[in-house]
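Novice: Encoded as structure tokens, here's the structure I'll be asking about.
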Amino acid sequence: MPPSTEQHDTLSGGNAEDVSSQSATVSYAFWLTLFLAATIYASVALAPKLERFLVLKRDHAANQWELVNLDQRVQNLEKVAAALEEDPQFAAELARSRFGAVEPGRDAITVAEELQFATASMTATTQVELPWYYGVVSRFARSTPLRNGALGLAALLTLLGFGFLHHRYSMLIEAAATRATRAVTTLAARYRSE
């Protein structure tokens, strides 16, 4: 004869609501532990790839800036080439300015080299920065002790989840959670009153 509901409640240590609440808490703790272990493992596995991706993305952006600058420079040089072919006066003026020649009857004003406007030598240098989290990713990707520690923690969390977070220990886990909550509340109340 199967136990009655009253006997089952007595055997499980409480009523059906308490058992359901304990069961839900243990289930949440189990899945949270497995999710955390999977996240840690994924961060160890993906950190080197993410580091390389961030460096490539930075290099790609820097190359794009350089390509735009070179394209603008080519367009400017094409305009100068077209002007040299079509406008002899422009060609003569450009030759005079390049070689320091002065047309008879005109005065030349010498300008210091650092003050001269030289479009051909000007390039916009844009430094593309790595994201703020690159240092963390790089350290995680390169530090073997850190990676081994993280993998050990992920294994420990997996063992904890499968070994201890099941319904057999639900009352023990619920009691520990209640005690921890009570301790935090007591400490918070103590420091609020002071």
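The values are calculated or read from the model by the stated rules, or taken from the named source; none is laboratory data. Note that the structure is a prediction, hence the values are computed from the model and not measured. Backbone-built Cβ (ideal geometry, glycine too); neighbour counts: all protein chains shown.
Novice: Can you tell me how many residues in the range 60-82 are without any contact (Cβ under 8 Å) to a residue 60 or more places away in the chain and under 20 Å from SER138 (Cα atoms)?
Specialist: Applying the first criterion (without any contact (Cβ under 8 Å) to a residue 60 or more places away in the chain) to the range 60-82 yields 60, 63-64, 66-82.
Applying the additional criterion that residues be under 20 Å from SER138 (Cα atoms) yields 60.
Within the range 60-82, residues that are without any contact (Cβ under 8 Å) to a residue 60 or more places away in the chain and under 20 Å from SER138 (Cα atoms) number 1.
Novice: Still on this structure, please answer the following. Counting just the residues of the range 150-165 that are surrounded by 11 or more Cβ atoms within 10 Å (Cβ to Cβ) and out of contact with any helix residue (DSSP H, G or I) (no Cβ under 7 Å at 6 or more places or on another chain), which one comes out farthest from SER23 (Cα to Cα)?
Specialist: In this case the residue turns out to be GLY152.
Novice: Filter the range 137-149 down to the residues that are assigned to a helix (DSSP H, G or I) and surrounded by fewer than 17 Cβ atoms within 10 Å (Cβ to Cβ) and list them by number.
Specialist: Correct list: ARG139, ARG142, THR144, PRO145, LEU146, ASN148, GLY149.
Novice: Pull up the range 151-174, narrow it to residues that are in contact (Cβ under 8 Å) with a residue 40 or more places away in the chain, in a helix (DSSP H, G or I) and more than 34 Å from the chain's Cα centre (by Cα), then point me to the one that is farthest from SER43 (Cα to Cα).
Specialist: So the residue we want is MET171.
Residue-wise test of (1) among the aromatic types (Phe, Trp, Tyr); (2) in a helix (DSSP H, G or I); (3) modelled with pLDDT of 95 or more.
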residue: SER27; (1), (2), (3): no, yes, no
residue: PHE30; (1), (2), (3): yes, yes, no
residue: ALA37; (1), (2), (3): no, yes, yes
residue: LYS49; (1), (2), (3): no, yes, yes
residue: PHE53; (1), (2), (3): yes, yes, yes
residue: LEU56; (1), (2), (3): no, yes, yes
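Novice: Also: Does the range 143-150 include one or more residues that are closer than 18 Å to ALA24 by Cα and free of Cβ contacts under 8 Å to residues at least 12 places away in the same chain? Don't jump to the end; show me each part of the working.
Specialist: Restricting attention to the range 143-150, the residues satisfying the condition of being closer than 18 Å to ALA24 by Cα are none.
No, the conditions are met nowhere in the range 143-150.
Novice: Can you confirm whether the range 98-110 contains a residue that is of a type in the set (Gly, Ala, Ser), modelled with pLDDT of 80 or more, in contact with a helix residue (DSSP H, G or I) (Cβ under 8 Å, 6 or more places away or on another chain) and surrounded by 10 or more Cβ atoms within 10 Å (Cβ to Cβ)? Outline the logic, then answer.
Specialist: In the first step, residues of the range 98-110 are kept if they are of a type in the set (Gly, Ala, Ser); the result is 100-101, 105, 108.
Narrowing the set further to residues that are modelled with pLDDT of 80 or more leaves none.
No, every residue in the range 98-110 fails to be of a type in the set (Gly, Ala, Ser), modelled with pLDDT of 80 or more, in contact with a helix residue (DSSP H, G or I) (Cβ under 8 Å, 6 or more places away or on another chain) and surrounded by 10 or more Cβ atoms within 10 Å (Cβ to Cβ).
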